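For reference, the structure discussed in these notes is given below.
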Amino acid sequence: MFGTLATHILLLLVAIIAINLYLSSLPAWFFVTQVSTRSIAAFLHNLTLHPHVAGTPQGFATAKFVEERFREFGLSTRTVDYEVLVSYPLKRSLSVVYPSNSSLSLALDEETVDGDGDSSGVIPTFFAYSPSGEALAEVVYANYGQKSDFDELKSLGVEVRGSVVIARLGKSFRGDIVFNAQEEGAVAVVLYPDPRDYATNATTEGYYPFSRWLPPSGVQRGSVIQDPGDPLTPGWPSSKLSKRLDASNLTRLGVPAIPALPISARDALPIIKALGGPVAPDSWQGGLAVDAYRAGKGPVKLDLRYEANLTTATIRNVFGIIEGSEKDRYVLLGNHRDAWTYGAGDPNSGTACLLEIARIFGQFLRKPARTIVFCSWDAEEYSLIGSTEWVEDNLAMLKARAVAYLNVDEAVTGSSFSASATPQLDNLLFEVTKMVKDPDSNGTIFDSWCGKSNDCVGRLGGGGSDYAPFLQHAGIPSTSMTYEEKNSDFPVYHSLYDNYNWMKNFGDTQFHRHATVVKVWGLLARRLVMDTILPFNYVSYANVLEVAVKDLEARFLLISGHLGRPTLEVPRMLSFRVEVIRASNHEAPVNILSLSKSRDVNFFPLHFAVDQLRELASKIPSFTAPRSKNDILMLGERCFLDGEGLPGKPWFKHLIYGPTQTNVYGTSTFPAIADVISKMAVGEDKEELKALKQDLQHEIWRAARAI
């Protein structure tokens with residue numbers, strides 16, 4: 001009897017140990033069951049109690065909250081501080097001056113809503129890094145302020161030089177709008193969120209707090225600097241002993257030369273209403289209550305005055321670490337923590353999700369195969385400063401050891417899931433999203449996101465979030481995901497109303513979408529941390545690049561007539577494969593060029609390089625040593641970097657994915673090549689076109705060598 005009981009106890013102990021060992025590897029099904037909407041909501045509520053702009057005491061309070069949670073979850077914690085240049089508003093005023101010399105002073109503030117909490121700590125509406133300045137000039141309306149919009153103004157006979165430009169936000173990075181206006185000779189810029197973009201259905205649904213739409217007094221804050229990181233330390237970290245550039249001439253560091261202010265739709269109304277000049281095109285008409293949007297110039301003027309406080313502030317990055325068996329291989333999950341106001345959607349919906357993954361991993365993931373690092377960045381809103389300074393501070397280490405970087409910024413601001421990635425991670429994204437149920441339908445996330453197509457993954461070329469330094473400066477495979485609205489902008493973006501009440505009442509009432517982000521993000525991380533062989537597929541990368549090269553060729557062929565010659569015949573790779581392979585010495589480029597029927601520009605090196613990438617990628621499984629195989633997979637992305645960087649944007653080193661020349665938020669594939677083709681399309685001077693052809697061939701060869 002005693003022996004039987006002892007045997008049963010022993011078997012029970014063995015079973016308990018076996019179950020604990022199994023669960024300590026965090027099976028996918030078990031991870032999903034541990035996700036709690038209640039804890040996510042609690043994290044978000046605590047993070048959004050107060051506004052927390054970078055460099056302020058409230059910002060440091062959120063850093064302390066995240067660090068304490070990491071420690072509570074059993075993670076090893078670290079903090080890293082940097083001394084960086086930031087910008088705060090001192091004085092602002094904006095008045096409408098009518099031809100009669102009467103004037104109307106605009107409010108430049110946001111109306112508070114009962115129940116939204118204390119707004120006394122909310123920073124006034126401003127654009128970070130806008131220079132101080134004054135302007136009194138006639139107004140020109142420039143639609144979204146894109147290059148094409150200023151070209152349209154020229155065709156309408158509207159002179160921008162010497163004017164104050166008013167434009168609506170939404171199609172491109174606000175800093176690019178300011179620079180576009182500056183290049184056209186404008187003396188100042190005001191930007192506003194048009195109701196057609198940010199209050200689309202407000203006429204039937206009302207504004208916040210009665211619906212999700214931005215109230216008429218809502219204003220979108222933001223930064224207008226173009227390059228990532230502290231502007232005084234471009235390319236190196238902003239530690240206490242670092243060299244710093246002279247702050248008296250910031251225009252050469254990506255800062256505009258003319259002042260800019262954000263205003264509300266309420267304040268934009270009297271300006272747009274008073275404009276004369278030609279009626280703007282139909283696509284320029286917005287949602288303000290006016291008979292028609294007109295382009296100006298004038299006769300109404302704006303009197304703009306702005307004084308900025310440029311100062312050095314301390315920012316703090318917070319890290320939570322679970323050490324793996326391979327201590328020197330890192331999978332990084334990152335989200336920024338700072339916000340222009342309360343930041344419920346941007347970014348703390350993502351911070352709450354990051355903390356939930358850390359809670360579950362810290363409790364159950366005892367010994368991962370690789371080290372996992374949870375990263376909470378500061379000062380992203382200023383210009384990706386926290387992540388950029390840390391990447392620049394640890395560049396050599398990251399290039400040698402980082403497996404992947406998984407970013408989430410705004411986890412939930414709408415109802416549609418979307419994800420972007422470097423192409424070797426596409427298949428992993430598909431596999432994971434097929435495992436997670438869509439909270440708004442009967443299918444999976446993959447079903448609602450991709451349907452029957454695999455052409456649903458976005459690319460990470462723009463500089464809009466913290467993946468940029470990892471991918472575009474360090475060459476680390478990356479992903480980013482979000483829930484957003486397909487057909488409208490995030491209504492309360494960077495405004496007073498991006499708060500917990502908006503999220504609870506309109507963004508994600510049950511926090512089920514937050515939970516879905518946790519599941520997808522966490523399962524991606526689990527695979528990258530636990531798989532014996534990294535789940536990277538470079539054949540997929542080659543397939544994506546092949547399509548991109550064909551698109552470039554097609555764009556180039558379209559402008560052939562403009563360049564004054566017949567349509568080019570571009571050779572296909574297979575026809576010349578044997579001859580090219582034979583060209584094995586240093587004269588190979590000449591031999592390859594001689595095979596082209598094109599007299600001017602040869603795209604063939606890109607086709608050949610992509611084919612070689614596909615062939616080499618297919619051979620990786622034949623390697624037997626997991627460490628060697630994984631190192632090849634991990635380091636492959638680094639090869640797409642070039643030390644010179646992109647023309648005009650040297651900080652961006654990635655030759656395959658980068659921002660467009662006209663929109664920092666935009667993504668371009670083969671950005672340097674695409675930019676030259678764009679310039680050729682509008683070039684008129686023969687000598688200029690000849691030089692551009694040479695530039696194009698140079699960029700083709702540079703990308704081909706990298707591949």
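Cross-link partners for K240 among the lysines, with Cα-Cα distance under 23 Å and sequence neighbours closer than 8 places in the same chain left out: K64. Taken one residue at a time, the phi angles of region 204-219 give Karplus couplings (6.51, -1.76, 1.60, θ = phi - 60°) of 9, 9, x, 9, 4, x, 8, 8, 7, 7, 5, x, x, 8, x, 10 Hz. Gly and Pro are set to x.
Which value in Å is the Kirkwood Rh of region 170-327 over different Cα pairs?
Details: mean 1/r = 0.0523 Å⁻¹.
One over the average 1/r among Cα pairs gives 19.1 Å for region 170-327.
Under 5 Å between amide hydrogens, built in the peptide plane, is the criterion, and for V300 it picks out V139, G276 among residues at least 5 positions away or on other chains.
Counted as membrane-span-like here are DSSP H helices of the chain whose alpha-carbon atoms extend 20 Å or more along the helix's own axis and whose Kyte-Doolittle mean is -1.0 or above; these are 2-24, 57-72, 348-364, 512-530, 538-558, 604-619.
Contour minus end-to-end for E183 and A257, with contour as 0.36 nm per residue of separation and end-to-end as the Cα-Cα distance?
Numbers: separation 74, 0.36 × 74 = 26.64 nm, distance 1.00 nm.
Extra length available between E183 and A257 comes to 25.6 nm.
Surface composition of the chain: carbon plus sulfur atoms hold 52% of the accessible area, using a 1.4 angstrom probe and ignoring ligands, DNA and RNA. Amide H contacts for S223 (H built 1.01 Å from N in the peptide plane; partners 5 or more residues away or on another chain; cut-off under 5 Å): A128.
Modelled this way, with points 7 Å down the Cα-to-C-beta line, the labels at R78 and A706 are 2.8 nm from one another.
Which percent, to the nearest 5, of DSSP beta bridges fully inside the chain are antiparallel? List each step's numbers first, then the result.
Details: 48 of 79 bridges.
Within the chain, antiparallel bridges account for around 60 percent of the total.
Convex hull of alpha carbon positions in region 288-355: directionally averaged projected area 10.5 nm².
Would you mind getting me the FRET efficiency between T311 and N505? Use the beta-carbon distance for r and R0 = 30 Å, nearest 0.05. Let's see the in-between values first.
On the way: r = 37 Å, r/R0 = 1.22.
Step by step, r from the Cβ atoms, then E = 0.25.
Ranked from largest to smallest solvent-accessible area, with a 1.4 Å probe on the protein heavy atoms, D114, D551 come out as D114, D551.
Converting phi to 3J(HN,Hα) with the Karplus coefficients 6.51, -1.76 and 1.60 and the offset θ = phi - 60°, region 253-262 yields 10, x, 9, x, 9, 10, x, 9, 9, x Hz in sequence order, with x at every glycine or proline. Using the Cβ-Cβ distance between K91 and K550 with R0 set to 45 Å, the FRET efficiency works out to roughly 0.25.
Take every Cα pair under 8 Å whose residues are at least 6 apart in sequence, average their separation, divide by the length of the chain, and the relative contact order is 16 percent. On the beta carbon distance between K154 and A292, with R0 = 30 Å, the FRET formula returns roughly 0.90. Working note: Karplus 6.51/-1.76/1.60 with θ = phi - 60° gives region 28-34 the couplings 4, 5, 6, 4, 4, 5, 8 Hz, where Gly and Pro are set to x.
Whats the longest run of the chain with zero trypsin sites (Lys or Arg not before Pro) that are DSSP loop and have at most 11 other Cβ atoms within 10 Å?
Values: sites that count: R161, K240, K243, K452, K486, R572, K597, R599.
Maximal segment without exposed cleavage sites: 244-451.
Return the distance in nm (one decimal) between the two label points of a simple spin-label model at T7 and E323, each offset 7 Å from Cα along Cα→Cβ. Label at T7, label at E323, 4.3 nm between them. Could you tell me which residue out of S39, L384, P281 lies farthest along the dipole of the chain toward its positive end? Charges go on the beta carbon: Lys and Arg +1, Asp and Glu -1, centred on the Cα centre. After comparing all options, I get S39. Of all lysines in the structure, those lying under 16 Å Cα to Cα from K297, and not within fewer than 8 positions of it along the same chain, are K154, K273. Label separation (T532 vs K437): 3.3 nm, computed from points 7 Å beyond Cα along the C-beta direction. Once the 1.4 Å probe is applied to the protein heavy atoms, region 347-449 comes out at 24 Å² accessible per residue.
Rounding to the nearest 20 debye, state how big the charge dipole of the chain is about its Cα centre with +1 on each Lys and Arg Cβ and -1 on each Asp and Glu Cβ. Mind dumping the intermediate values first?
On the way: 67 positive and 78 negative charges, 360 e Å.
The calculated dipole for the chain is roughly 1720 debye.
Of C353, C639, the order by accessible heavy-atom surface (1.4 Å probe, DNA, RNA and ligands excluded), from most exposed downward, is C639, C353. These residues, M530, M634, go from largest to smallest accessible area, 1.4 Å probe, as M530, M634.
The values are calculated or read from the model by the stated rules, or taken from the named source; none is laboratory data. Quick caveat, the model's predicted, so the values are computed rather than measured. Every residue, glycine among them, receives a Cβ derived from its backbone with ideal geometry; neighbour counts consider all protein chains shown. Note: accessible area is taken over every heavy atom of the protein model, side chains too, but ligands, DNA and RNA are not part of it. Shrake-Rupley method; radii C 1.70, N 1.55, O 1.52, S 1.80 Å.
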